[in-house]
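One structure is given here, and the rest of the page talks about it.
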Amino acid sequence: MSKTTRVFSGVLVLGVVAWLASGAVSQEPIRIAYIDPLSGPFAATGENGLNQFRYAAAQINRAGGVLGRQLEIAPYDNKVSPQESLIQLKKVTGDGIQYVFQGNSSGVAHAISDAVLKHNQRNPGNRILYLNYSAVDPALTNDKCHYWHFRFDAHADMKMAALTDVIKANTRIKKIYIIGQDYSFGKAVAEAAVSMLKQKRPDIQIVGNELHPIGKVLDFSPYVQKILASGADAVITGNWGADMVNLAKAANDGGLKAPFYTYYAASDGVTAAIGAAGIDRIRLVHETHPGNPTPPKALSEYITGYRKLHPKNDVNQPRIHTGLSMLALAIKKAGVTDVDKVASALEGLEFTNLGGDQVVMRREDHQLQMPIYISVHTNKGIVHDLDASGFGLSLEHKIERDKAVQPVVGCKMERPS
Amino acid sequence: MLELVVFSLLNGLVFGLLLFMLSSGLTLIFGMMGVLNFAHAGFYMLGAYLGFSVTQQVGFGTALVVVPVVVGLLGALVERQGLRRVHRFGHVAELIFTFGVAVLITEIVQFAWGRPAKRVEIPAFLDFPLFRLFNASFPAYKAFMLAVSVAMFVFLFVILTRTRAGLIIQASLTHPGMVAMLGHNVPRVFMIVFGIGCALAGLAGVIAGPVLGTFPGMAQVLGSIVFVVIVIGGLGSLGGALLASILIGIVQTIAVALDVSIGGALASMGIGLGAGGLLHELGSVTVAQIAPILPYVMLVVILIVRPTGLFGTRET
């Protein structure tokens, strides 16, 4: 072989490889990592979240996908442990995935958010985007905010502002008891409740402000006893999972009649486990229409379709649909999957969610702005129940987007130049 | 205040006796066979889930009888086909074996019943407040749990100390060779004891399922605390387990009611910890906040002060 033919054939081979590679890339799906618990005590929550992501992705794919490519959800099990999450994040970057969704536990969210920021600073050519669909510690979009983190759920302060608006209007409430799990989110709820109640209803007395270890309390009767002894007219709690179920059960057994204002007392077995014990007593603050008593059409169809596939699970996080749809929209708008361009397209992006509400991603802190709902646990007038239990959430109050807005606090975002 | 004290004591007693129900089987097995059964909480979980299904299909009364028998038979099977073979490789092998069984049970239960928490209702005939005091009520089901636990203690105590079977069981523990010489089948005694221990865990599952919740993490949550109970009580001691359970139950419930912090107590004595420092941070933690950790503190103290536990005879 002469020198020229050698060079020529070399170039030819390279060209073929490049052509093959580019062809393969354009047909390859856009992979999106989902890092959440898929084993251990919180596996039920994580698995249902994964199902909802896959369902939302299937809908986008059926409508033609994104840039002619399909969305594919790649699950990574973090066992709700921050350490494990960082290991999984390494795998995600190793697998060449650019988009990461995570939601369960603000403790994990802080770890991932920090790691993503560091990764992006060290690898400017190979950045990743962190899309937080459920971790609601306000700090994530306040003093800990950064350009590569976007949140699609209303944060704890937005929800607390909505809750306290409702409490403000209820003059029968004079004494409030706050109880929560002892970690960043539980503390954020307690702090927000105290400061906002002071502002909105200075006459209300906070008769208890309690933190208990997360997932370690077996019997909540002593706590219920304490609430009873305090004479509270209402209870505020950010508890979730088994801690929420057991608290509600103990309240019922102990004869505690006060209403509960909660963040997570629904779905993943919680609604079923609370059952009749919570009728007209458990209230929930959340981000999309609850589907009862009169569900918006798009939401109704979405829920019905999901329940056909997963009869025992619920669409308990419609924000998953919002988050994934907005990401798809941003990629379409950017025209490429390049993280820098997609992040820039996400800023200020508007979207109509399943409940028919107009939501917008705030540029300053990457916190999605949306209306907030307060619903009551009941079995009356339920079209879409939860946990297939006959019980569900029925709309009581809607706080419009402009009323639910919270100021940007201490977020100084460094944008890539 | 009086109301808080009365109910805290009652709740502590109920919770303590519930712990006893769980740990009695464990301490029995350990006392008998020297096997620290990691799968014990797993059998409890199995009992709770089986109890859930049987209650739905037939009724709570049937579940109360059938489930412990089924779980007990399963336990005996595990002993006969697994533990006995592993036994000759020593205690480490046994530990690892029971650990494996524990993982297996947790996974099988999740496979069979699914991952979301189950809604286990308190049976209708026990679902009413037994009495009301001030503005709090005491549910009848708690009284039922109390009664079952006490009955269980009396039953085990009488069998172990007053019957011939108990005599053989106790003798097999200390003098297995001699008991075998006298014509008793020692391995079978072990199998029966292991079965009974598991049956007790199953019974505890049926009874505690509606109260403490029936969910995939239930074994994990209770697994560590029952070990605390049997170590504080003294490994293998039934009376010790009873006392330790009640002690833990009451200490924990009373601690929850106390909003006193170390810093606050020191401040009332005129000692300041300084604002903003680490000491201040530690001092501001209330007793209520650390209540669920207290049993583990007690465990450490007991291991330092009295390594045999309250009533135990052997070093832990």
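Overview of values
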{"quantity": "Flag if residue B:150 is in contact (Cβ under 8 Å) with a residue 24 or more places away in the chain and surrounded by fewer than 15 Cβ atoms within 10 Å (Cβ to Cβ)", "calculated": "yes"}
{"quantity": "Any hit, the range A:220-228, residues being surrounded by fewer than 21 Cβ atoms within 10 Å (Cβ to Cβ), out of contact with any Leu (no Cβ under 6 Å at 6 or more places or on another chain) and either not charged (D, E, K, R) or not assigned by TED's automatic domain parsing to the domain that holds residue A:137 (or both)", "calculated": "no"}
{"quantity": "Test: residue B:210 is touching a helix residue (DSSP H, G or I) at 6+ places or on another chain (Cβ under 6 Å) and not charged (D, E, K, R)", "calculated": "no"}
{"quantity": "Every residue from the range B:282-300 that is in contact with a strand residue (DSSP E or B) (Cβ under 8 Å, 6 or more places away or on another chain), farther than 20 Å from residue B:246 by Cβ and either in contact (Cβ under 8 Å) with a residue 40 or more places away in the chain or more than 9 Å from every other protein chain (Cβ to nearest Cβ) (or both)", "calculated": "B:283, B:284, B:285"}
{"quantity": "Residues located in the range A:132-144, provided they are buried (at least 24 other Cβ atoms within 10 Å of the Cβ) and touching a residue at least 60 places away in the same chain (Cβ under 8 Å)", "calculated": "A:133, A:136, A:138, A:141"}
{"quantity": "Test for residue B:121: is it in contact (Cβ under 8 Å) with a residue 12 or more places away in the chain, farther than 24 Å from residue B:51 by Cβ and within 23 Å of the chain's Cα centre (by Cα)", "calculated": "no"}
{"quantity": "Filter result for the condition that a residue is within 18 Å of residue B:155 (Cα to Cα) and of a type in the set (A, V, I, L, M, F, W, C), over B:222, B:200", "calculated": "B:200"}
{"quantity": "Of the criteria (1) in contact with a Ser or Thr (Cβ under 9 Å, 6 or more places away or on another chain); (2) more than 14 Å from chain B (Cβ to nearest Cβ); (3) not in a loop (DSSP other than H, G, I, E, B), which one residue A:272 fails", "calculated": "(2)"}
{"quantity": "Members of the range B:1-34 found to be more than 9 Å from chain A (Cβ to nearest Cβ) and not hydrophobic (A, V, I, L, M, F, W, C), listed by number", "calculated": "B:16, B:23, B:24, B:25, B:27, B:31, B:34"}
{"quantity": "Criterion (within 23 Å of the chain's Cα centre (by Cα) and not basic (Lys, Arg)) met by exactly one of A:250, A:192", "calculated": "A:192"}
{"quantity": "Qualifying residue in the range B:100-118 (condition: within 22 Å of residue A:222 (Cβ to Cβ) and either crowded, with 18+ Cβ neighbours inside 10 Å or facing chain A (nearest Cβ under 10 Å) (or both))", "calculated": "yes"}
{"quantity": "Filter result (among the β-branched types (Val, Ile, Thr) and either facing another protein chain (nearest Cβ under 9 Å) or surrounded by fewer than 17 Cβ atoms within 10 Å (Cβ to Cβ) (or both)) within the range A:193-206", "calculated": "A:194"}
{"quantity": "Subset of the range A:215-255 [touching a Ser or Thr at 6+ places or on another chain (Cβ under 6 Å) and within 12 Å of residue A:178 (Cβ to Cβ)]", "calculated": "A:237"}
{"quantity": "Filter result for residue A:266 (under 26 Å from residue A:153 (Cα atoms), within 14 Å of chain B (Cβ to nearest Cβ) and part of a helix (DSSP H, G or I))", "calculated": "no"}
{"quantity": "Test: residue in the range A:277-287 that is surrounded by fewer than 24 Cβ atoms within 10 Å (Cβ to Cβ), within 14 Å of another protein chain (Cβ to nearest Cβ) and in a helix (DSSP H, G or I)", "calculated": "yes"}
{"quantity": "Hey, residue B:7 at pLDDT below 90, of a type in the set (Phe, Trp, Tyr) and not in a helix (DSSP H, G or I) or not", "calculated": "no"}
{"quantity": "Residues satisfying the stated conditions in the range B:209-230, i.e. crowded, with 24+ Cβ neighbours inside 10 Å, more than 9 Å from chain A (Cβ to nearest Cβ) and hydrophobic (A, V, I, L, M, F, W, C)", "calculated": "B:219, B:226, B:229, B:230"}
{"quantity": "Considering residues of the range A:250-262 that are more than 7 Å from chain B (Cβ to nearest Cβ) and in a helix (DSSP H, G or I) only, the residue modelled with the lowest pLDDT", "calculated": "A:252"}
{"quantity": "Test: residue in the range B:60-73 that is part of a helix (DSSP H, G or I), of a type outside the set (D, E, K, R), surrounded by 13 or more Cβ atoms within 10 Å (Cβ to Cβ) and within 14 Å of chain A (Cβ to nearest Cβ)", "calculated": "no"}
{"quantity": "Unique residue being at pLDDT 85 or above and outside any helix (DSSP H, G or I) when the list is B:97, B:111, B:89", "calculated": "B:89"}
{"quantity": "Evaluation of residue A:209 against (1) within 11 Å of chain B (Cβ to nearest Cβ); (2) not in a strand (DSSP E or B) (one fails), failing number", "calculated": "(2)"}
{"quantity": "Checking residue A:163 against (1) crowded, with 24+ Cβ neighbours inside 10 Å; (2) touching a Ser or Thr at 6+ places or on another chain (Cβ under 8 Å), the condition it does not meet", "calculated": "(2)"}
{"quantity": "Flag if residue A:396 is of a type outside the set (Gly, Ala, Ser) and in a loop (DSSP other than H, G, I, E, B)", "calculated": "no"}
{"quantity": "Boolean, residue A:389 is assigned to a loop (DSSP other than H, G, I, E, B), among the polar types (S, T, N, Q) and farther than 15 Å from residue A:317 by Cβ", "calculated": "yes"}
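Results for (1) outside the structural domain of residue A:393 (by TED's automatic domain parsing); (2) of a type in the set (D, E, K, R); (3) touching a residue at least 40 places away in the same chain (Cβ under 8 Å); (4) surrounded by 18 or more Cβ atoms within 10 Å (Cβ to Cβ), shown as yes or no for each residue.
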position	(1), (2), (3), (4)
A:167	no, no, yes, yes
A:183	no, no, yes, no
A:191	no, yes, no, no
A:213	no, no, no, no
A:230	no, no, yes, yes
A:241	no, no, yes, yes
A:262	no, no, no, yes
A:265	no, no, yes, yes
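Okay, residues lined up against (1) free of Cβ contacts under 8 Å to residues at least 24 places away in the same chain; (2) surrounded by fewer than 18 Cβ atoms within 10 Å (Cβ to Cβ); (3) β-branched (Val, Ile, Thr):
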residue	(1), (2), (3)
A:55	no, no, no
A:60	no, no, yes
A:64	yes, yes, no
A:73	no, no, yes
A:88	no, no, no
A:102	no, no, no
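The values are calculated or read from the model by the stated rules, or taken from the named source; none is laboratory data. Bear in mind that the values here come from a model prediction, so they are computed numbers and not experimental data. Note: ideal-geometry Cβ built from the backbone for every residue, glycine included; neighbour counts use all protein chains shown.
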